Amino acid sequence: MSDDLRTERKGQLLAVKDLPTLPKVLEEVTRLLEDPNSSSQQIAKLISRDQVLSAKVLKMVNSPIYGFPGRISTIQHALVLLGFNVIKGLIISSSVFELMNTSMVGLWEHSVGCAMACNIIAREAGFKEPEEYAVAGLLHDLGKVIVALQLPSAKEEIDVQVREEDLLYLEAEKKVLGFSHDRINAWVADHWNLPLNLKVGIAGHHRPVTAQHYPKMACVVHVGDFLVRTLEVGSGGDDLVPRLDPDALALLQLDLSQLDTVLDAMLLEIEGDGLSMGLG
Amino acid sequence: MFFQSLWPGDEVEWTVFQRGPMALEQVFNAPPDLLLVDDDLPQLSGATLVNMVKSENVYRQLPVMLCLSAESPLETMDFHSVEMDDFLVFPVSALEARSRLSLTLHRASRELDANPLTKLPGNTSIIQRIQDLIDRREPFALAYVDLDHFKSFNDKYGFSRGDEVLMMTARVIVNTIRSFAGKLSFVGHVGGDDFVFILTPDVVEFACQRIVESFDSIVPHFYDQDDQERGFILSTDRKGALQQFAMMSVSIAVVFNADARLKHYGEASQIAMNLKKKAKSIPGSSYVLDRRQE
């Protein structure tokens, strides 16, 4: 692909101003915001389940207007810093449509599942602030949503490639677009001033150990993505399971028995939390 | 004169000069609340006079309005170089002139007292607010917030990183205070790493807890990764020796005004300063409440 075409496509993708958000989450968050007894933890938890709303909140709190770009990577902190008025405004102004649900069936469950997996992995590995890893897990396929929204015809072509050639979604993206969602994630992270650790997590999850900074972030998302696909929670756009990079496990200093512990914890949470209930 | 007829003489006092240079001397010696400049002056043009006043930092807060006799000068006016606060084009109705003068006066007091970084109200507004509550004999809780180890952070990372921390602190305080809705809630920025907030006495302790919690969990993200993991920074102290400095924390001192025991703003700040020493002597984030109210 020529550089010109790539720049043009990048421009089209980044022109995304109003990413859609899911109406169900919107209603719930609005209800909590209006209830004086609700806590910011409850609201943060709810917002954390919607990757589009999460991305918007993080984009806003990391914008230069607030004076500390690239510093905040958890929703809970973003809520404290933005305040409920801004959150309310953000939600009200959000255009609501279900495109994501219809054009990428199962991606939402896949993303929420991956967030949960990353949280558990980070805790198992003994990292501080497991929520940050969860945010990266939640947003790791954001690039796929953006392509579906901004370049719908390319999205269709990718789907055809996945079906007919039995490719990984990632490979099909490269064939059709010349680049894949991890690259788009990096662009979006820069465009929105997201903190470097988040950027690495969402842009590096397919080549985790090559990350220069915060390689552990990329490794956690890589392993989380693998596990959630193995458990077949939701869908990342294809039916294949990407290869697990053993170097990623080594870098996290996790052995296979610990991975079992993670899987058990995930299964428990999926049952207890009813991840697929009322969704999709 | 037109302007003198706008308000009764006992409310607004006007001093009129025919020539720019004479006016300047008076303005510099005894600045008025508002300066009205005719664009068409002998010797010194209105725009030049405006700029002479505005170029001096001590007179910058003086609101200046330019009076034009026709719209035409506006076409060539460079608003970047003529630093007036507003203008009037004659002929103008009495109502409009009166309203525009009031607006300019109020806008100036709002804008100029605000802290340039956080845009929170500054000292003048803070003192006014507190004195007003004291005068009305209303019970309130007044909290002084400042950061521990801010200076060593600033020294190591530079002032723009320090400003980030101040912006974050301001947001944490504002949003925490705002979540306790009520007519009393107020947040001001004294300057540097000193902030003030006012709340009703019954919720203030809970607010302090929330501020401490939020600040402590957010502030590590403002350090470089290695310092964050180490849990302290290495920086030189006042004598130039390398020293370990703990992560930044908040100290809050709370003064209560119950049974109208405070008579003057100075009393409140005096008590708070003593309490603050106590709060700062406690390592990490802490708050101290003035319990002498009973």
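Read-outs throughout are calculated quantities, based only on the coordinates presented, and are distinct from any laboratory measurement. Note that this is a predicted model, so its numbers are computed, not measured. Because the Cβ atoms are built from the backbone with ideal geometry, glycine has one as well, and the counts that use them run over all protein chains shown.
Here are the numbers:
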quantity	calculated
Exercise: per-residue mean of other protein chain Cβ atoms within 10 Å, A:71-83	5
For chain A, calculated [θ]222 nm from helices alone, where every DSSP H run of n ≥ 4 adds -39500 (n - 2.57)	-20500 deg cm²/dmol
Computed FRET value (nearest 0.05) for A:GLU269 with A:VAL105, which takes r as the C-beta separation and R₀ as 22 Å	0.50
Global form of the protein assembly as shown, assessed from the alpha-carbon gyration tensor, a/c cut-off 1.5	prolate
Peptide-level mean, for B:210-221, of C-beta atoms on other protein chains within 10 Å	3
Crossing angle, helix B:204-218 versus chain B [Cα axis fit, 0-90 degrees, rounded to tens]	80 degrees
For the stretch A:147-280: rounded, prolate or oblate by the Cα gyration tensor [a/c cutoff 1.5]	oblate
Percent RCO, i.e. relative contact order, over the stretch B:246-292, from Cα pairs under 8 Å lying at least 6 residues apart	55 percent
Residue-count net charge about B:ARG60 - beta-carbon cut-off 12 Å; Lys, Arg +1, Asp, Glu -1	-3
Three semi-axes of the equivalent ellipsoid, chain A, Cα gyration tensor, whole Å, largest first	26, 24, 19
Chain A: relative contact order as a whole-number percent, Cα under 8 Å and 6+ apart	21 percent
Order of B:THR76, A:THR74 under a 10 Å beta carbon neighbour criterion, fewest first	B:THR76, A:THR74
Inter-chain shielding of B:165-175 (mean C-beta neighbours from other protein chains, 10 Å cut-off)	4
The stretch B:171-253: GluC sites (Glu not before Pro) in DSSP coil with no more than 13 other Cβ atoms inside 10 Å	none
Vicinal HN-Hα couplings computed from phi for the stretch A:45-56 (Karplus, 6.51 cos²θ - 1.76 cosθ + 1.60; Hz; Gly/Pro x)	4, 5, 5, 4, 8, 10, 5, 6, 5, 4, 4, 5
A:ASN37-B:GLU83 pseudo-label distance in nm [points 7 Å out on the Cα-to-Cβ vector]	5.5 nm
Packing-based ranking, highest mean first, of B:142-148, B:196-202 given that Cβ atoms within 10 Å are counted	B:142-148, B:196-202
Listed residues A:LEU138, A:GLN41, A:LEU252: farthest to the positive end of the dipole of chain A (Cβ charges)	A:GLN41
Amide H contacts of B:TYR287 (H built 1.01 Å from N, under 5 Å, at least 5 apart or other chain)	B:ILE252
Value of relative contact order over the stretch A:127-193, rounded to a whole percent, pairs C-alpha under 8 Å and six or more apart	32 percent
Chymotrypsin sites (Phe, Trp or Tyr not before Pro) within the stretch A:173-280, DSSP loop, no more than 10 other Cβ atoms inside 10 Å	none
Longest site-free stretch - chain A; sites: GluC sites (Glu not before Pro), DSSP loop, at most 15 other Cβ within 10 Å	A:99-231
Environment charge of B:ASP146, counting only residues whose C-beta is closer than 12 Å and scoring Lys/Arg +1, Asp/Glu -1	+1
Helical contribution to [θ] at 222 nm, DSSP H n ≥ 4, -39,500 (n - 2.57), averaged over chain B, rounded to 500	-13000 deg cm²/dmol
FRET efficiency estimate (nearest 0.05) - Cβ-Cβ, B:LYS280 to B:VAL58, R0 25 angstrom	0.15
Cβ-placed point charges (K, R +1; D, E -1), dipole of the stretch B:100-170 about Cα centre in debye, nearest 20	280 debye
